[in-house]
Amino acid sequence: MAKKHAPSPANDHALHSHQPGAFRPAPTDPRGNGDELHQDAGDQVEDAAACLTDNFGHRISDNQNSLRAGERGPTLLEDFVLREKIFHFDHERIPERIVHARGSGAHGVFECTKAIPGLTKASILQKEGATCPVFVRFSTVAGGAGSVDTPRDVRGFAVKLYTESGNWDLVGNNIPVFFIQDAMKFPDLVHSVKMEADRGYPQAASAHDTFWDFIGLMPEAMHMIMWAMSDRTIPRSLRMMEGFGVHTFRFVNEKGEGKFVKFHWKPVLGIQSTTWDEAVKIAGADPDFHRRDLFEAIDAGDFPAWDLGVQVFDEAFAKKQPFDVLDATKLIPEEDVPVEIVGRMTLNRNVDNFFAETEQVAFLPSNIIPGIDFSNDPLLQGRLFSYLDTQKSRLGTTNFHQIPINAPKCPFHNFQRDGMMQTLVPTGRANYEPNSLAEAGENGGPRASAETGFRTFEANDERNDPAQKLRTRAELFADHFSQARMFYLSQTENEQAHIASALVFELSKVTLDHVRARVVGQLRNIDEDLAKRVAAGLAIDLPTKEKAARTPVELKPSDALSIQKNADDMMEGRKVAILFAEGSDKAAINALKSQVEDAGGSVFLVAPKVGGIKVKGGTLKADGQLAGSPSVLFDAVASILTDEQARALSAQGAAVQWFMDAYGHCKTIAHDAATQILLDKAGVERDGGVVAIEAFVDVGTRRHWAREAAVRDLA
Ligand code: HDE
C-alpha cells in the first residue's frame, strides 16, 4: 500500500479514503447559502455541509491524489480539482502594507461616557451610554508581515468606529508626534528606515546607515527621535500603550462652530514598556509576543480597554503657542490643555480569521463623520490621498469597501457601480443622478441631504492667504528642537539614560562616521549633556553643533510625558511565572497562584518538564518548559523548589539565566529558601525587589529601576 500511494503523512487512512466527508471542512460560502446550493443533490443533501466541494460547488471525490494517466504516468491538465486548488493557493498572499505590515487586530465596542454635544455633533458623542462596534489594528511600522513583534519601532494604533453615521477611522500611533511635517517626505522617510536597498537588511530595525543619514539631515525629526529612542517604542504589551490621533483635527457642533481637537487613547492597564535587552531576547523567545498576549488576554476574558480623551482648544489658544498646531512634530502639553475623557473602548472579541479581518482591514484617515473635520496639517492632508490609493493596490479593487471588515454597519447606497470583484447586486435602472425615474414609479435611488450630509467646516484662517500657491512651510514649523528638549527634560534620570543608551546602540550600528557625527551634532541642539553622553558612549569627539533653523525656546517640562512618573503599581493584566520542579510544595504554589489571580494577574507555571510532575501533595502540570519559557516573557517571577532540585538546577544554564535576566530587567523575584543557591549563582543580590514568597503580592510587578545602574552600563 505504501508503495502504491507515495505520499504518507500521518493520517494514512484518510489519505486513501474515497469517502466524501472523511475530513469535515467548514462550509465555504460566506453568505451561508450552502443549503440552496445543494438542493438538487437528492438523497445526499443531509451531508451537503460536510462534503468538500470546489469553488463552484462541485463535490470532490478525492482530496489526496491528482488525476494521472496511469498509476505511474503524468498528471493530466484536465484535473480541474487540482488546478483550481493550486491556482487559489498560488494567489493566497496579497501585497503586504508598505508600512505597518505586521499587525494584530481585535473587535470591540466603544461607549460614550461623557456626551459633548456643545463641542461636536459626532453622533457617537451625543449621549452618555451610546455605543458602536469597533475594530482595532495595532502594528509595527518598519518590518514585514512576518517580522517579530518587539523591535524598537513606533506602533500603529488604528481604530475603526462603525458609527450610525458611517465609519470613523482614527488611524494613529502610540506616539503623539511624527518624524516629518510634510507628506512630501514620507516616501523618503520610509525608504530610509526599511531594509537597505542593495542588501535587503536589516529587517525591522532603524539601527542602520540610511535611516540615521536621513534623520541627521532632517532636524524636524528630532522631537520624534526622542520618543523613538525612549521606552515608548519597546512596549510590554499592545494593551499597555497609549494611542494618539497625532494630527490636530476639528470638532464641529450643531451650530457650525468649530474647535481644534487632539485625540488620545489612555490604556486602563497603564503604560508599560520593556527594557531593550529584554525586547531583543523576547524577539527570539517569542516572535509573536504581542500578538499572543493580545489574543490570550481577550480569549481569557481579560478585555483590554482604553479611555478616549480629547484636548480641545480654539484658534486664540493656537495663535499663542510657540509652535504651529498644524505641525505634526509638535504636541500640546496636557498641563496646558487637560485631556478630557469622553468614552471607553473595550476589545472583547478576537478575529475569527486573521486574513479576512486583520489583513484585509483598510483604514482611511479620510473616513470621518459629521462633527469631525480635518485641519490643514500638511501631513494629514497627504494621508487623505494615500490610504485610499494604497487599498487599491493592496486589495486589488475599488470595491474593497464591500469586504465585511471594511463595510459600514449603517446603510450605504449611491450610484457607483461595477468594478472588479463587485459583490453587490444593485437592482433597477437608476445608476445616474439626476434622474426622474421615481416619477414613473421606478426606484430613482438615493439623493444628497444638505441637512444631514457631511459639510466641510468653513474655516476662516486669517493667517493664511489661499490665493497664494506656495511650496513652503509656515514660519513656526522651523522650530525643530524646543519640544524635543521638553520631552527629554520631562523624563526621569533612568529614562534619560535609556534614551542616551538607545542612541548609542543605534549609532553604533551606523558605519558612516560623518552620519554619526551629524546626528550627535543635532543632539547638541536638544541638550548638551545628552550629546556628550552619546558621544562618550560611541567614543567619538563631541562634533560641531548643527545649525538650528530657528533658535529653540525653553519650555516647561511635562510630567505626563514620562512613563515612569506615571507608572501604577498594578498586578492587573500582568503575568507572573512560578518555577517549580519535582518535590515542590503544591499547596504553596496554589496559594501564591490564588493571590496573584485575586489581584487581577495571571500565573504561568514553569518547570524543567511540562507533563505531570510529582510534587509534594500530588502532581502538577507546567504551562511551559523552562528552556522554552525564559523570564523575559513575564512581568515578575517566583520560585518554589526543594533543596535538591535547586542544587540540580543551579547547574543548568536556562535556570541560572532565568534569574539573571529577571534581575537584570529589574523585575520582582519572589523566592523560597531553597532557591537561594540559584540566586547566588545568578549574581542576584537582595534588594527591595528580591523578596520572600509571602511578600510578593505587596511588592507586585513594578520594575525596580534603582537596581539598573548595578546591572547595566547605561550611557
Ligand atoms: Fe500611515 N500609511 N502614512 N501614518 N499609517 C499606511 O496605509 C502614509 C502616518 C498609520 O493597521 C498605509 O493601509 C503617508 C502618520 C497606521 O492598516 C499608507 C503618511 C500616522 C497605519 C500610509 C503617513 C500613520 C498606516 C500603508 C504621511 C500616525 C496602519 C497601508 C503623509 C498618525 C493602518 C495602508 C493599519 C498605514 C501612508 C503618516 C499611521 C501607505 C503617505 C502621521 C497606524 O497608505
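Only the coordinates and a few stated rules stand behind these numbers; no lab work does. Everything quoted here is computed from the prediction, not taken from an experiment. Glycine gets a Cβ as well: all are built from the backbone with ideal geometry, and neighbour counts include every protein chain shown.
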At most 11 other Cβ within 10 Å, DSSP loop - GluC sites (Glu not before Pro), segment 85-163: Glu92
Restricting to DSSP loop positions (anything but H, G, I, E, B) with no more than 11 other Cβ atoms inside 10 Å of their own Cβ, which GluC sites (Glu not before Pro) remain in segment 535-634? Glu554
Work out the charge dipole of the chain with +1 on the Cβ of Lys and Arg and -1 on the Cβ of Asp and Glu about the Cα centre, then indicate which of His88, Thr163, Ile372 is farthest towards its positive end. His88
Qualifying GluC sites (Glu not before Pro) for segment 436-495 [loop in DSSP, other Cβ within 10 Å: at most 10]: Glu451, Glu458, Glu462
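Please identify the longest segment of the chain free of exposed chymotrypsin sites (Phe, Trp or Tyr not before Pro), where exposed means a DSSP state other than H, G, I, E or B and no more than 11 other Cβ atoms within 10 Å.
Details: sites that count: Phe56, Tyr432.
The answer is 57-431.
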Got a sec to turn the phi values of segment 703-715 into Karplus ³J(HN,Hα) couplings, 6.51 cos²θ - 1.76 cosθ + 1.60 with θ = phi - 60°, whole Hz, x for Gly and Pro? 7, 9, 5, 4, 6, 4, 4, 7, 10, 8, 7, 9, 6
Between Tyr201 and Asp418, what is the label-to-label distance in nm when each label sits 7 Å out along the Cα-to-Cβ direction? 5.0 nm
With labels modelled as points extended 7 Å from the Cα through the Cβ direction, what inter-label distance (nm, one decimal) is found for Ser508 paired with Arg550? 3.7 nm
Output wanted: per-residue J couplings in Hz (rounded whole) for segment 317-328, from phi through Karplus 6.51 cos²θ - 1.76 cosθ + 1.60, θ = phi - 60°, x for Gly and Pro. 5, 4, 5, 7, 6, x, 9, 9, 5, 8, 9, 6
Euclidean distance of C-alpha centroids, segment 346-366 and segment 565-625, integer Å: 33 Å
How large is the helix-only mean residue ellipticity at 222 nm for the chain, computed as the sum of -39500 (n - 2.57) over DSSP H runs with n ≥ 4, divided by its residue count, in deg cm²/dmol to the nearest 500? -7000 deg cm²/dmol
Whole-Hz couplings from phi, Karplus 6.51/-1.76/1.60, listed for segment 474-491; x for Gly and Pro: 5, 3, 6, 4, 6, 7, 9, 10, 4, 6, 4, 5, 4, 4, 4, 6, 7, 8
